[in-house]
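Here the structure comes first, spelled out in structure tokens, and everything after it is commentary.
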Amino acid sequence: MQETFAVDYKRGISNLGNPNRILHVMARAMRGETLRIGFIGGSITQGSLSSAPDTCYAYLVYQWWCKTFPKAEFTYINAGIGGTTSQFGVARVEEDLLAKKPDFVIVEFSVNDESTEHFMETYEGLVRRILSAPGKPAVMLVHNVYYHNGANAQLMHGRIARHYDLPAVSMQSTIYPEVVAGRIENRKITPDDLHPNDEGHALVASVIAYFLRQMYEQEVFAEGVVQQDRKESLDTPLPLPLTRNAYERSVRYCNNNSTPILQGFVEDKIPQTDITDCFRNGWTASKTGDKITFQVEGSCIAVQYRKSVQKPAPVAEVIVDGNKKGSVRLDANFDETWGDKLELTTILEHSDKQMHEVRIHIVETHEDDAVPFYLASVISSCEDCSKEAVGMR
């Protein structure tokens, strides 16, 4: 991994954190063990605008592990999905990442999440779920940035980093200042001021690798000898949540794990090819009046559906517990041009933990609709939700 641009790498360490979990993974790597390097995030983690899968920052960081610890065997796990937030991340992390038993995980949602308390809570739920996984994986947080204005959710996400004493790196304090100062031309690293090109991905990876290298060279290893394993630190209990933490136990209901009442909606039976094949395992509807009804337990509920660039598209409405005054409009028409979006809309938050009826019905169609309405899932969350619910398999 070549560092082709001059940046102040020390400024990239936004939180030193407790390195013990990472040091334990490094000690295992020095012994030649088999390890899994995982990533979860949005489009940058997925590798958007890199020329090939092996030129994105995530694969380059994976390669750093391979090159630094040649005795070990590493597996690469990329659970990045473009256009998604940590609210979806915590609902899918078990299936998409933790089921593969990663030993080291990078979490990257700081340009997908908004800088709000809501996303601080969903981000905390994701972080807690990873940290409490049976294998006690090491976690590093990565804060990417919008290069035209320096925006990201680092203010909120940084609170989670400090609360859980997690190592974290920031592109806001390393790459972005160089762009503002004119020492790095933005179009040399990103075509759209957000997604890196190959040079940008390499630069992001170098900021992450610098911090990992500091741990490797300065804190644990001297002349290639492991000084201390730090295994005992894995049993340290997590601190109490910083937020209300209603999202840690999020459950996602699709057509492969639920049996809602269908009145015009039809199950999508086309097999999903991979996790980025987002519009699968859901339901479609194309006529006004078509309905689908769920009974789910939770205090927070969200609906995922497709917003399509192919227009016109149908419009739906969702009603919780028969409260028509609190109905939420789900407009499947997408005004952007970059592609269809897996939209996630929160329809209930911090309500009473109980069974809720969620009814979605089509309220507007057009003779020339280009696509049907696609409901991808319903997500329920609460502080201690059971996965068992009425109408669920």
### Summary
If we take region 139-207, then helices (runs of 4 or more DSSP H) inside it with 1 or more residues that are within 20 Å of Leu60 (Cβ to Cβ), open to solvent by 10 Å² or more (accessible area, probe 1.4 Å) and modelled with pLDDT of 95 or more are 175-180, 186-189
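With the structure loaded, tell me whether Glu357 is in contact (Cβ under 8 Å) with a residue 60 or more places away in the chain, over 20 Å from Cys254 (Cα atoms) and not β-branched (Val, Ile, Thr) or whether it fails that test.
Spelling it out, it is not the case that Glu357 is in contact (Cβ under 8 Å) with a residue 60 or more places away in the chain, over 20 Å from Cys254 (Cα atoms) and not β-branched (Val, Ile, Thr).
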### Subset of region 114-138 [assigned to a loop (DSSP other than H, G, I, E, B) and among the aliphatic types (A, V, I, L, M)]
Ala133
### Checking Tyr59 against (1) in contact (Cβ under 8 Å) with a residue 60 or more places away in the chain; (2) open to solvent by 10 Å² or more (accessible area, probe 1.4 Å); (3) part of a helix (DSSP H, G or I), the condition it does not meet
(1)
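Any idea which residue in region 72-108 is farthest from Ala376 (Cα to Cα), counting only those that are assigned to a loop (DSSP other than H, G, I, E, B) and in contact with a helix residue (DSSP H, G or I) (Cβ under 7 Å, 6 or more places away or on another chain)?
By that ranking, first place goes to Ala72.
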### Query
Can you pull out the residues in region 161-202 that are of a type in the set (A, V, I, L, M) and more than 20 Å from Tyr9 (Cβ to Cβ)?
Leu194
### Query
Scanning region 68-80 for residues that are farther than 18 Å from Leu141 by Cβ and touching a residue at least 24 places away in the same chain (Cβ under 8 Å), which turns out nearest to the chain's Cα centre (by Cα)?
Tyr76
### Query
Name the residues in region 305-315 that are in contact with a Leu (Cβ under 6 Å, 6 or more places away or on another chain) and either part of a loop (DSSP other than H, G, I, E, B) or surrounded by fewer than 24 Cβ atoms within 10 Å (Cβ to Cβ) (or both), would you?
none
### Task
Assess whether Leu344 counts as being surrounded by fewer than 20 Cβ atoms within 10 Å (Cβ to Cβ) and not in a loop (DSSP other than H, G, I, E, B).
yes
### Message
When you check Ser43 against the structure, is it open to solvent by 10 Å² or more (accessible area, probe 1.4 Å), of a type in the set (S, T, N, Q) and under 23 Å from Phe119 (Cα atoms), yes or no?
### Response
yes
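Of Gly12, Gly83, Gly32, which residue is within 14 Å of Ala209 (Cα to Cα), surrounded by fewer than 24 Cβ atoms within 10 Å (Cβ to Cβ) and among the small types (Gly, Ala, Ser)?
Gly12
Would it be correct to say that Ala6 is open to solvent by 40 Å² or more (accessible area, probe 1.4 Å), aliphatic (A, V, I, L, M) and under 23 Å from His201 (Cα atoms)?
yes
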### Message
So, in region 101-135, how many residues would count as being hydroxyl-bearing (Ser, Thr, Tyr) and open to solvent by less than 40 Å² (accessible area, probe 1.4 Å)?
### Response
3
### Answer residue from region 237-296, given it is in a strand (DSSP E or B) and among the small types (Gly, Ala, Ser) and is least open to solvent (accessible area, probe 1.4 Å) among those
Ala285
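The values are calculated or read from the model by the stated rules, or taken from the named source; none is laboratory data. Small disclaimer: the values here were computed from a predicted structure and weren't measured. Note that each Cβ is placed from the backbone with ideal geometry, even for glycine, and that neighbours are counted across all protein chains shown. Side chains included, ligands, DNA and RNA excluded: accessible areas come from the protein's heavy atoms. Shrake-Rupley method; radii C 1.70, N 1.55, O 1.52, S 1.80 Å.
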